[in-house]
Amino acid sequence: MNNRSTLHTFVVYVENKPGVLTRVASLFRRRAFNIDSLTVGRTEKPEVSRMTITVEADPDEARRIEANLYKLVNVLLVDDITRQPSILRDLAMIKVAAPHEVRSHVLELVKVFRARVVDVARESLTIEITGTEDKIDGLLEVLRPFGVIEMVRTGMVAMRRGKRALAAASATPPVEAFENESAVPQA
Amino acid sequence: MKMTGARILWECLEREGVEHVFGYPGGAILPAYDALKHSRIHHILARHEQGATHMADGYARASGRVGVAIATSGPGATNMVTGIATAMMDSSPIVCITGQVGGRLIGSDAFQETDITGVTLPITKHNSLVTRTADLARTIREAFYVARSGRPGPVLVDVTKDAQQGSCEFDWDAARPQLPGYRPDLSPAEAEYAQALELLHSAKRPVILAGQGVIAAGASAQLRELAERAQIPVALTLLGLGAMPAWHPLHLGMMGMHGEAWVNLAIQNADLLIALGMRFDDRVTGDKDSYARGARKIHVEIDPAEINKNVKVDVALVGDLSAVLRELLPRVEPADRGDWLDWINRQKGDAAVRDIQTLPDNGHLYAAHVVHDLWHETRGSETVVVTDVGQHQMWEAQYYKHDHPRSLITSGGLGTMGFALPAAIGAKTARSEAEVWVVAGDGGFQMTMAELATMVQENLNVRIAIINNGYLGMVRQWQEFFYERNYQATPLLSPDFVRLAEAYGIRALRVTERRQVAPAVRAAREHDGPMLLDFRVEQEDSVYPMVAAGAALDQMIRRPSPLVETAADE
């Protein structure tokens, strides 16, 4: 048995219907899988929402998470992109104490990290940064000594690299597949 | 044609082939009940909504068709929860319909409002809230489709009162299921078949583990063919009993916590396990680390989420069991495994001597004897035994020899006491020609005995055997084995079941001696109407063998030898 737990990233397409987020979250709670981050938002298709879920799991658990997600009727497509070439992004807004004496120092760091200042107040700056979780953690680390007043992060979103789309809607089987002719066999 | 939601509901049920529903009316479902007069469907009034869901469950398990339960909002819906969870754990296809307060009242804590789709989220295969009449037909069709396809399970549809009252154009064809994410029709790849066959052909000591999936897939004949062709003995889970005829030489018996010793020993010493439609529940594996350590494992299962969940397997064939066996069977080479079968047979050893069956009763009435005699009297006829949960359930599994699929109905996964009587009412409704017996303990029977009135009102000829030992017997047994006989809260006072039955107009007999058992069973079978038999059995008998929870499967507590000596002395 392979017990190496690593952070897995799943991209999950779901039907854009009320309660679907609860179903997904409830599944992770019920099966005692620990969500590290979950984001949800619209996609190119109005009837489809897209989730990016990161979760600590060993390879067997990861397979079971995928299988359990598919058991939810409203889940359209699950892609474990953990080992795939992909782009991972997190966005953070960090309000940092930046009185006059240190302001230029903070701005220097913003520049190094290719972040940007989105709000300037007398005693503080609000910095927006987009990037991998590592990069954001890095900026946070160097800002901390100045005094982080408030911070918010979106959680991770992810997309495979390359041309191939994770076309959830095109993965939809034809309607005939749902014909209801199959009576339960009598034993 | 324009119809109200209430009419559409019944119309859809009829078109899904429903002939009976089990339910209990109330405010939020009244529009639906009002429209019942237009329907051919027969409504059976339960005495509690939990009973209605167990009835639907028993109906489904007895027939393979979808069972339907209906209730009002709030307490009506929450009373269904135990029945829904029972059906979920045992993959039983039922559709539960609940009324909900009007759409504009949702979220206002209105009278009898409960978020039942929220409550039942983790215990249904799927559920839906319908707030618009126009969505009702499609949702009902989807509910039936989801309940019976793939791995079956319960589906709940919550319908607001105004969705029942509103009207819309009814178009059955346009209301086709739209479930783009639901794909119950998986099948294995060729490479997986090849791997499975390779393991199968190289095995010296294989055992088939057959579960309820065999019955659900209608694959009993194929199971037998596989076993016979490759000469592989078959061990059964509790819910798998009946999948392989008990008289068959390759039928080993039940595995697991209260499985026969030689069955568990065969599993522990096997070099290949072929699991068919079972899920390696902790009650069948015992301690997982020491479970069948020398065995490769093939898992044929319709639900991919079961693969490697409890026990890691070498080959998984995910798909419909019957379709998989259809593909596999022609490629299975005949084999002779006389040595292995002999070895298993030798493991029976002194099991027969220790067996309560062969012990003299010394004037006592043992539950095992009751079950044996019940089997002996009813064998050969189309009998469905519906058991409750506890010691009697295990004795039934050990001593009633099931030869046919769907001849045993019992709550395995959830272990729901109170299941038997209502489930038997459902079973008898589905299969009126079958002889239906309830086997229940004095504890579980009291949980749902109000359904006796349902049985009488519906003229259902169900026969009831109460295994009455004055204790919550299985809990008492655990207290005896693991809690130093500290019998807290297990001695149980019961009403006089004979007089209770008579109050319902049901004939009843009390049985206190072995010699009265068979005549009592015969009397019940000859009586034209329901009958209750109150068997006053030995109070502190225990179910053997027993694998303690978490112990290795071959570490069994056997029936103590002093009894054997007593037997030998006489």
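Remarks
- Only aspartates and glutamates eight or more places from B:LYS2 in sequence, or on another chain, were considered; those with a Cα closer than 16 Å are B:GLU11, B:ASP135, B:ASP162, B:GLU169, B:ASP171, B:ASP173.
- Members of B:LYS312/B:LYS348; A:LYS71/B:LYS161; B:LYS37/B:LYS161; A:LYS17/B:LYS125; A:LYS71/B:LYS312 lying beyond 22 Å, as alpha-carbon distances in this model show: B:LYS312/B:LYS348; A:LYS71/B:LYS161
- The value given for chain B is a Kirkwood hydrodynamic radius of 24.7 Å, derived from the mean inverse Cα-Cα separation.
- Neighbour-count order for B:ILE232, B:ILE106, fewest beta carbons within 10 angstrom listed first: B:ILE106, B:ILE232
- C-alpha long axis of helix B:220-230 to longest principal axis of chain B, angle in °: 30
- Per residue convex hull volume, Cα atoms of chain A, in Å³: 177
- Relative contact order for the range B:158-245: 26 percent, from Cα pairs under 8 Å spaced at least 6 residues apart, divided by residue count.
- Within chain B, the longest run free of chymotrypsin sites (Phe, Trp or Tyr not before Pro) that sit in a DSSP loop with at most 13 other Cβ atoms within 10 Å is B:248-482.
- Positive dipole terminus of chain B, leading residue within B:ILE29, B:LEU460, B:ILE267 (C-beta point charges): B:ILE29
- Over 14 Å [Cα-Cα, the range A:6-84], rounded percent: 57
- Across the range B:293-382, the convex hull enclosing all Cα atoms gives 229 Å³ per residue.
- Chain A: most fluctuating residue of A:VAL11, A:VAL157, A:VAL142 per GNM, C-alpha cutoff 10 Å: A:VAL142
- Dimensionless Rg ratio for the protein assembly as shown, taking C-alpha atoms and the 2.2 N^0.38 Å reference: 1.08
- The label point for B:ARG40 and the one for B:ALA351, both projected 7 Å from the Cα toward the Cβ, are 4.9 nm apart.
- Loop-located GluC sites (Glu not before Pro) in the range A:69-138 whose Cβ has at most 14 other Cβ within 10 Å (DSSP): A:GLU123
- Label point at B:GLU19 placed 7 Å out along Cα→Cβ; residues across the range B:490-534 whose backbone nitrogen lies under 18 Å: none
- Checking every one of the GluC sites (Glu not before Pro) in the range B:358-415 against DSSP loop status and a limit of 16 other Cβ atoms within 10 Å picks out B:GLU382.
- Computed from label points 7 Å out along Cα-Cβ, the spacing between B:ARG507 and B:GLN231 is 5.1 nm.
- For the range A:87-158, the relative contact order is 52 percent, taking Cα pairs closer than 8 Å that sit 6 or more residues apart in sequence and dividing their mean separation by the residue count.
- Taking each residue as 0.36 nm, the span from B:LYS312 to B:TYR487 lengthens on full extension beyond its C-alpha to C-alpha distance by 59.1 nm.
- For chain B, the dipole from Cβ point charges (+1 on Lys and Arg, -1 on Asp and Glu) about the Cα centre works out to 600 debye, to the nearest 20.
- Exposed loop sites here mean trypsin sites (Lys or Arg not before Pro) with a DSSP loop assignment and at most 11 other beta-carbon atoms within 10 Å; chain B contains its longest site-free run at B:294-484.
- Convex hull volume per residue, computed on the Cα atoms of the range A:87-158, equals 70 Å³.
Here, each number is a calculation from the coordinates, and none is a lab measurement. All values derive from a computational prediction rather than experimental measurement. Cβ atoms come from the backbone with ideal geometry, glycine included; neighbour counts cover every protein chain shown.
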